[in-house]
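The values are calculated or read from the model by the stated rules, or taken from the named source; none is laboratory data. Source: prediction; values computed, not measured. Counting neighbours? That spans all protein chains shown, and the Cβs are built from the backbone with ideal geometry, glycine included. Accessible surface is based on the protein model in full, side chains and every heavy atom, while ligands, DNA and RNA are left aside. Shrake-Rupley method; radii C 1.70, N 1.55, O 1.52, S 1.80 Å.
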Amino acid sequence: MTNIVIVAGGPNPDLSWLFDLDAKENYYIGVDRGAWLLKKAGLPLDYAVGDFDSISEAELKQIRQYAREFEQFPPEKDDTDLELALLKVLSMTEIGSVTILGGIGNGKGRIDHLIANFYLVYQERFRNLIENIHFLEEKTSIRFYLPGDHLIDSLFQRPYVSVVGLTPLDKLTLKGVKYELDHIRTNHPCAYISNEFLVDQDFILSFEKGIVGVIQTIDK
């Protein structure tokens, strides 16, 4: 399995997660400005992709020299830079986790970019990646789930957890959290926010139809 690390172009992504990783076990993709951030931090850069309209010519030159593989696209294109990165991931075999830094913004950056990134899970071409994708920042984690039974691990020390139905859902059940649900059906996307993990209990999420996003945060 190859674990993918994508650094997107959002403001101030938290790269501290990356310094404890074994570079040999991960494949690093820098998306537009994210490629420059990887280079500046001295982290690996296996693939740099984007239109690179948010960096200077001097920075772009350094990225070209630093990246193992470089691909530049015109600003006028059908795919976002992050979508281009995920298309690269789809071309790979035995994909493990796909961790995306700089895709949430942590309250900064453009809201339309955040929405576009969140809506990636609706695209049929990325369906096989839905449960691999993990948006991660200093205080926020977002993962996505397809129907089934899922054990949700607590990522932060004392996190709050929200379950967001991105579609209508059938038989949504939450166990092992402060506010449990039992076989709920929703006819439209619905968010169950500000739930809490319980000490020494496993959080089990299950549902039979739809797509769910699970958001963990240390801020209530």
Can you tell me which residue is farthest from the chain's Cα centre (by Cα) among those in the stretch 53-68 that are among the hydrophobic types (A, V, I, L, M, F, W, C) and surrounded by 11 or more Cβ atoms within 10 Å (Cβ to Cβ)?
Leu60
Top-ranked residue of the stretch 1-50 - restricted to ones that are modelled with pLDDT under 95, in a loop (DSSP other than H, G, I, E, B) and surrounded by fewer than 23 Cβ atoms within 10 Å (Cβ to Cβ), ranked as nearest to the chain's Cα centre (by Cα):
Asp14
Residues of the stretch 195-220 being loosely packed, with under 14 Cβ neighbours inside 10 Å and among the polar types (S, T, N, Q), which ones?
Gln201
Could you please tell me which pairs satisfy a Cβ distance under 8 Å, a separation of 6+ or placement on different chains, a first residue in the stretch 82-97 that is in a helix (DSSP H, G or I) and of a type in the set (Lys, Arg), and a second residue that is buried (at least 16 other Cβ atoms within 10 Å of the Cβ) and at pLDDT 95 or above?
Lys88/Ile29; Lys88/Tyr47; Lys88/Val49
Could you identify the single residue in Gly148, Gly165, Gly102, Gly176 that is crowded, with 16+ Cβ neighbours inside 10 Å, at positive phi and modelled with pLDDT of 90 or more?
Gly102
Of the candidates Glu71, Glu83, Glu76, the one satisfying the condition of being within 16 Å of Asp53 (Cβ to Cβ), open to solvent by 70 Å² or more (accessible area, probe 1.4 Å) and in contact with a helix residue (DSSP H, G or I) (Cβ under 9 Å, 6 or more places away or on another chain) is Glu71
The number of residues in the stretch 114-133 that are surrounded by fewer than 17 Cβ atoms within 10 Å (Cβ to Cβ) and either assigned to a strand (DSSP E or B) or of a type in the set (Lys, Arg) (or both) is 2
So, in the stretch 207-218, how many residues would count as being modelled with pLDDT of 95 or more, within 21 Å of the chain's Cα centre (by Cα) and more than 10 Å from Arg143 (Cβ to Cβ)?
2
